[in-house]
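Participant: This is the structure I want to talk about, given as structure tokens.
The values are calculated or read from the model by the stated rules, or taken from the named source; none is laboratory data. Computed from a predicted model, the values in this text were never measured in an experiment. FYI the Cβ positions are ideal-geometry reconstructions off the backbone, even for glycines, and counts take in every protein chain you see.
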Amino acid sequence: MNITLIVVIAIVALIGILLWSTYNGLVTLNVRVDEAWSDITVQLKRRADLIPNLIETVKGYATHESSVFESVTRARAATISPENIKSPGKAAKAEGDFQGAMKSLFAVAEAYPQLQANQNFLSLQAELTDTEDKIMAARRFYNGGVREFNTKVKQFPQVLFVASLGFKAREFFEVADSAAIQEPPQVKF
């Protein structure tokens, strides 16, 4: 009787320790993924803050390109809209649209040699390139955290009880047109 009771207590304690460590590990990974997503949104906001200045600089040289400016403005707004920032899938779609709009803006800029020599434009372009690099780094960090979290959620024995603890697999931040984001938009001189 005593041995049976000790075995039962040991099994219950072992299961409790397993649940406790699994839960704490998942909470840690979940917070890390949330932090990484926050880093992405900060960089998207930083980039969005640069765009109006860039548009105004280009507008000074290419006033008749209003459709390009409107397209960039709409795409900029979509990348920082609260609806899109909450979901990596929606953010990724907005990101792809934004990259396409920026390519159009820089294509317009290429047609104006005076603009390409403008110090304000060059400075904004350098800041934008730096921000794009930071977005890509934040995206890699986020996707790495999601990969680690999703792996843990799907591993045995966690897969048996993780849903009852309130955890589910997280969504990667993948842009549909990955070629559009491989390199930051640049003006070729």
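Participant: Whether any residue in region 105-121 is in contact with a Gly (Cβ under 9 Å, 6 or more places away or on another chain), assigned to a loop (DSSP other than H, G, I, E, B) and either at pLDDT below 90 or among the hydroxyl-bearing types (S, T, Y) (or both) is what I want to check.
Facilitator: Checked against the condition, which is being in contact with a Gly (Cβ under 9 Å, 6 or more places away or on another chain), assigned to a loop (DSSP other than H, G, I, E, B) and either at pLDDT below 90 or among the hydroxyl-bearing types (S, T, Y) (or both), region 105-121 yields at least one hit.
Participant: Sticking with this structure for a sec: Given the criterion within 22 Å of V146 (Cβ to Cβ), part of a helix (DSSP H, G or I) and out of contact with any Gly (no Cβ under 8 Å at 6 or more places or on another chain), identify the matching residue among G16, G96.
Facilitator: Exactly one of G16, G96 is within 22 Å of V146 (Cβ to Cβ), part of a helix (DSSP H, G or I) and out of contact with any Gly (no Cβ under 8 Å at 6 or more places or on another chain), namely G96.
Participant: Among the listed residues D39, D49, which satisfies the condition of being in contact (Cβ under 8 Å) with a residue 60 or more places away in the chain and of a type outside the set (A, V, I, L, M)?
Facilitator: Among D39, D49, only D39 is in contact (Cβ under 8 Å) with a residue 60 or more places away in the chain and of a type outside the set (A, V, I, L, M).
Participant: Now a separate question. Being within 24 Å of D133 (Cβ to Cβ) and touching a residue at least 24 places away in the same chain (Cβ under 8 Å) is the filter here, so list the residues in region 53-67 that pass it.
Facilitator: N53, L54, I55, T57, V58
Participant: Now for a separate question. Could you tell me whether T22 is surrounded by 17 or more Cβ atoms within 10 Å (Cβ to Cβ), modelled with pLDDT under 90 and either on the phi < 0 side of the Ramachandran plot or touching a Leu at 6+ places or on another chain (Cβ under 9 Å) (or both)?
Facilitator: Considered against the rule, which asks whether it is surrounded by 17 or more Cβ atoms within 10 Å (Cβ to Cβ), modelled with pLDDT under 90 and either on the phi < 0 side of the Ramachandran plot or touching a Leu at 6+ places or on another chain (Cβ under 9 Å) (or both), T22 comes out as yes.
Participant: Do we have any residue at all in region 33-45 that's in contact with a Ser or Thr (Cβ under 7 Å, 6 or more places away or on another chain) and assigned to a helix (DSSP H, G or I)?
Facilitator: The answer is yes; a qualifying residue exists.
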